[in-house]
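Reading through the structure tokens given below for one structure.
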Amino acid sequence: MKIRLESIGLPTLSKLIGKTLQVEMADGTLADVISYIVKRAGQPARKILLDPTGQLDLSIQVMVNDEGFLPRSEYSQRILQDGDSVKFMLLVGGG
């Protein structure tokens, strides 16, 4: 299946994988896509995306097909389909 990845507000990730990237992979979940990026780009991607426990850093949110932010508890359950778009965004707070 082909999945479109997009990095929004994460310039270090954009430098590493590009602002948008189309990847082809076997069927999988959102967690599989995150693992794919880390395996493909190595330690720099691990440093950008993952916290010390190996989970997606809390400052990063993920959206699939503009459906809103996906709860972290669903990353390993959300099965992706051919043509899906996955956006990685930096969570920004302010007042």
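The values are calculated or read from the model by the stated rules, or taken from the named source; none is laboratory data. Every value quoted in this text rests on a predicted model; they were computed, and no experiment measured them. All Cβ positions, even for glycine, are placed from backbone atoms using ideal geometry, and neighbour counts span all protein chains on display. Ligands, DNA and RNA are stripped out before the accessible areas are found, and what is left, the full protein with its side chains, is counted by its heavy atoms. Shrake-Rupley method; radii C 1.70, N 1.55, O 1.52, S 1.80 Å.
One table, with the values for the structure above:
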read-out	value
Total residues in region 51-73, condition within 19 Å of Met25 (Cβ to Cβ) and either more than 14 Å from the chain's Cα centre (by Cα) or open to solvent by 40 Å² or more (accessible area, probe 1.4 Å) (or both)	1
Complete set of residues in region 1-50 that are surrounded by fewer than 13 Cβ atoms within 10 Å (Cβ to Cβ) and in a loop (DSSP other than H, G, I, E, B)	Gly18, Ala26, Asp27, Gly42
Residues of region 65-95 satisfying the condition of being of a type in the set (D, E, K, R) and over 13 Å from Leu5 (Cα atoms)	Glu67, Arg72, Glu74, Arg78
Top-ranked residue of region 74-87 - restricted to ones that are assigned to a strand (DSSP E or B) and surrounded by 13 or more Cβ atoms within 10 Å (Cβ to Cβ), ranked as farthest from the chain's Cα centre (by Cα)	Ser85
Verdict on Leu90 being surrounded by fewer than 18 Cβ atoms within 10 Å (Cβ to Cβ), in contact with a Leu (Cβ under 8 Å, 6 or more places away or on another chain) and either acidic (Asp, Glu) or free of Cβ contacts under 8 Å to residues at least 60 places away in the same chain (or both)	no
Matching residues in region 10-57 - criterion: being acidic (Asp, Glu) and at pLDDT 90 or above	Glu24, Asp32, Asp51, Asp57
Matching residues in region 52-83 - criterion: being at positive phi and among the small types (Gly, Ala, Ser)	Gly54, Gly68, Gly83
